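Novice: I am attaching a structure below and will ask some questions about it afterwards.
The values are calculated or read from the model by the stated rules, or taken from the named source; none is laboratory data. From a predicted model like this one, the values you see are computed outputs, not experimental measurements. Glycine also receives a Cβ, built like all others from the backbone with ideal geometry; neighbour counts cover every protein chain displayed. Quick note on the areas: whole protein, heavy atoms, side chains included, nothing else; ligands and nucleic acids left out. Shrake-Rupley method; radii C 1.70, N 1.55, O 1.52, S 1.80 Å.
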Amino acid sequence: MNLVVVSNRVTRGNANEPVTGGLAAALLPIVEKSGAIWVGSSGRVRDGAQKEPFAEIEALGTGALAMLDLPAAHYGGYYEGFANSALWPALHSRADLIRVSRGDYLSYREVNAFMARALLRFKKPDTVFWVQDYHFLALGAELRELGLTQPIGFFLHTPWPARDVIEGVPHHRELVEAMLAYDLIGFQTEDDCENFASYASASLGLAIEDRVVMSRYGRTRIAVFPIGIDADKFARQAAKAVSHPDVSRLRRSLNGERLAIGVDRLDYSKGLVNRINAFDRMWTMQPQLARTVSLLQIATPSRGGIEAYGLLQSELARLVGEVNGRHGEVDWTPIRYLNKGFSQIVLSGLYRSAQVGVVTPLHDGMNLVAKEYVAAQNPADPGVLVLSKFAGAANELDTALLVNPHDIDGMARTIAVALSMPLPERRMRWEAMMSKLRHRSIQRWLSDYLDTLQQAQTERIETAQVAAEPPSAAEPPSPWQLRSVSSG
Ligand code: F6P
């Protein structure tokens, strides 16, 4: 099988370079080891009508990376517009933050169509296409329009919200109908999958049986594949990384003080304001914890051109300043707040240096930082994970200290509990989480998804054959050919 993976953001695979977001970090080892081609945006745009999409191709382990310059006229409307100012807020149940124009939607569709044309050059008879995330909801439909008959799967890294929230996205109907051109749609959690099914049946009036949605495209299977990490590899990396100069400097600077760590993209879904407020409350309610524990909060900026992100950045900077001003001392800064990205290697060492990991999003598809924090711990003296019950990771990491990120007092108390947890309890909780991480690895995510995709494609062909009159004995008809005949 030739695997072509598609996502908006790609990463070049240098372990010493900063990686933004879980998706890029998760896909990297897959491409390196499976020989897949990973196609995504180069981060640059190109003017004018491009006959042939321009792609820079470079080797990545046994696979390759193809980075495309996206069309300049549509990039803003696609990325900052429809993808991140309509879909992202809705997918994270923040319909109040939707800001979008019809032009943004058209640009989104243009970029999806552009990507489809660009992918044709990677098509071979045995190619399987695997599209990632909300930037490309309509890419499968565009590929079918171009006559592609190979299996095409889609995986959503974010949550899928309740029906009335997704209905807040202009053109939601067209978009979800287009999604049904995929053979398989994968979700992080059962709730996401259920929400999607409820939208398809109640809003689109489609029949769903045994997690197969029937539409004008034929059958689309929907299923849950919680994304994982390579926990043992991450653990080995973390053990080595403690001697990395950045990590050693941090450790020396602590002077015996304990450390809590948060690592997030600077995004309103991550619950950063509530988290800082919870630390503020903790130092107010338990002043004996001042000088004994500080927070290292890394908040990597992204999507800076969008108003909601700019406002959040200012609000956080002000809030951190206030909290440091309130609780700080001449020789103690309660919150070390950094607006930059770090490499996976340095991050793994920072996680291992922190007695508490705080991962408290208001809503998150999975959150791989939670998994990486656990994997990075020293088995003899592990730290404690404080985890939002609204992160997908909470389904598996249920021996973390689960919190409601809207309950500031509750979070403050839980962080204090984490700091005083005795070693036997820490070990018990950590071992339970680590065994789940090993069981649901990134390798398993890949193989479960691809096996189900192959199966979904086979079922689709079989169903199409049964429906066809008369069935062709020589070559099985493609469901796409049948669809275009039957739908006129
Ligand atoms: O969490 C969803 C997601 O698409 C990730 O999969 C990705 O790593 C992240 O958002 C990156 O966002 P951006 O590329 O807009 O900074």
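Novice: Of all residues being more than 8 Å from the ligand (Cβ to nearest atom) and open to solvent by 30 Å² or more (accessible area, probe 1.4 Å) in the stretch 1-28, which is farthest from Met115 (Cα to Cα)? Just the residue, please.
Specialist: Asn16
Novice: If I ask for residues that are of a type outside the set (Asp, Glu) and not in a helix (DSSP H, G or I), which ones from the stretch 419-473 would you list?
Specialist: Ser420, Met421, Pro422, Arg440, Ser441, Ala468, Pro470, Pro471, Ser472, Ala473
Novice: Right, next: With the condition being under 24 Å from Ile442 (Cα atoms) and at pLDDT 95 or above, I'd like the strands (runs of 3 or more DSSP E) fully within the stretch 174-287 carrying at least 2 qualifying residues.
Specialist: So the answer is 184-187, 218-224, 258-265.
Novice: Filter the stretch 460-488 down to the residues that are buried (at least 16 other Cβ atoms within 10 Å of the Cβ) and either at pLDDT 95 or above or not basic (Lys, Arg) (or both) and list them by number.
Specialist: Selection gives Ile461, Thr463, Ala464, Ala468, Pro477, Ser478, Pro479, Trp480, Leu482.
Novice: Kindly evaluate Ala73 against the criterion of being touching a helix residue (DSSP H, G or I) at 6+ places or on another chain (Cβ under 9 Å), part of a strand (DSSP E or B), more than 12 Å from the ligand (Cβ to nearest atom) and open to solvent by 10 Å² or more (accessible area, probe 1.4 Å).
Specialist: Values: touching a helix residue (DSSP H, G or I) at 6+ places or on another chain (Cβ under 9 Å): yes; part of a strand (DSSP E or B): no; more than 12 Å from the ligand (Cβ to nearest atom): yes; open to solvent by 10 Å² or more (accessible area, probe 1.4 Å): yes.
For Ala73, the condition - touching a helix residue (DSSP H, G or I) at 6+ places or on another chain (Cβ under 9 Å), part of a strand (DSSP E or B), more than 12 Å from the ligand (Cβ to nearest atom) and open to solvent by 10 Å² or more (accessible area, probe 1.4 Å) - is not met.
Novice: Considering only the stretch 307-376, give the helices (runs of 4 or more DSSP H) lying wholly within it that have at least 1 residues that are open to solvent by less than 60 Å² (accessible area, probe 1.4 Å) and of a type in the set (Asp, Glu). Give the derivation first.
Specialist: On the way: elements: 307-327, 344-353, 368-375.
Filter on the stretch 307-376 gives 368-375.
Novice: Next question, about the same structure. Which of (1) touching a strand residue (DSSP E or B) at 6+ places or on another chain (Cβ under 9 Å); (2) within 16 Å of the ligand (Cβ to nearest atom); (3) of a type in the set (Phe, Trp, Tyr) does Trp88 not meet, given it meets every other one?
Specialist: Only one criterion in (1) touching a strand residue (DSSP E or B) at 6+ places or on another chain (Cβ under 9 Å); (2) within 16 Å of the ligand (Cβ to nearest atom); (3) of a type in the set (Phe, Trp, Tyr) is unmet by Trp88, namely (1).
Novice: Scan the stretch 222-250 residue by residue and report those that are closer than 21 Å to Leu139 by Cβ and out of contact with any Asp or Glu (no Cβ under 7 Å at 6 or more places or on another chain).
Specialist: Selection gives Ile222, Ala223, Ile227.
Novice: Could you go through the stretch 191-201 and let me know if any residue there is surrounded by 15 or more Cβ atoms within 10 Å (Cβ to Cβ) and within 16 Å of the ligand (Cβ to nearest atom).
Specialist: Yes, some residue in the stretch 191-201 is surrounded by 15 or more Cβ atoms within 10 Å (Cβ to Cβ) and within 16 Å of the ligand (Cβ to nearest atom).
Novice: Next question. Condition test on Arg221, is it within 23 Å of Gln454 (Cβ to Cβ), more than 16 Å from the ligand (Cβ to nearest atom) and open to solvent by 40 Å² or more (accessible area, probe 1.4 Å)? Write out each step before concluding.
Specialist: Numbers: within 23 Å of Gln454 (Cβ to Cβ): yes; more than 16 Å from the ligand (Cβ to nearest atom): yes; open to solvent by 40 Å² or more (accessible area, probe 1.4 Å): yes.
So Arg221 fits the description; yes.
Novice: Could you please give the count of residues in the stretch 219-270 that are touching a helix residue (DSSP H, G or I) at 6+ places or on another chain (Cβ under 7 Å) and without any contact (Cβ under 8 Å) to a residue 40 or more places away in the chain?
Specialist: Number satisfying all stated conditions: 2.
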